[in-house]
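Structure first, commentary second.
Throughout, read-outs are computed from the coordinates displayed, never taken from laboratory work. Keep in mind that this is a model prediction, so the values were computed, not measured. So basically every Cβ, Gly included, is an ideal-geometry build from the backbone, and we count neighbours across all protein chains shown.
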Amino acid sequence: MADGSDTTLTAEHTDQAPNGLVAGIRSFAAGHGGAKAVIEYVGKRGARIVLVGEDGVWGDQFATDTVVARQACAKAGVTVENAWERELMDQMRPSNDLWRSMARRTMAR
């Protein structure tokens, strides 16, 4: 009977961040005076990268998983925050269109 020492499970991850994802993050950061990111795990869909520009505008990108999301942010030169800190949330400025769409959803319930 084997003792299991030769069957060690490793968490090797060989996926590379897609160039299109990196380019999208770089483009957002360049267009908004820099950016910070928060990565959110969204189950089987992968990971959502929420980008907050220095000007308060925000947007998002999707990656296949959180490791790929972190790699893409690193390649794009965008700092990844560990959580939604108050300072980052205060920096966000939702557009008027977003406020209107949120109001319609609330009123429709």
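Computed values, structure above
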{"quantity": "Virtual spin-label span in nm between F62 and K44, 7 Å along Cα→Cβ", "calculated": "1.3 nm"}
{"quantity": "Amide hydrogen neighbours beyond the local backbone of D60, cut-off 5 Å, H modeled", "calculated": "L51"}
{"quantity": "Peptides 42-48, 26-32 ordered by average Cβ neighbours within 10 Å, highest first", "calculated": "26-32, 42-48"}
{"quantity": "Separation of the R86 and E54 label points, Cα + 7 Å toward Cβ, nm", "calculated": "2.5 nm"}
{"quantity": "Spin-label pair K75/N19, simplified geometry with 7 Å Cα→Cβ offset, distance in nm", "calculated": "0.9 nm"}
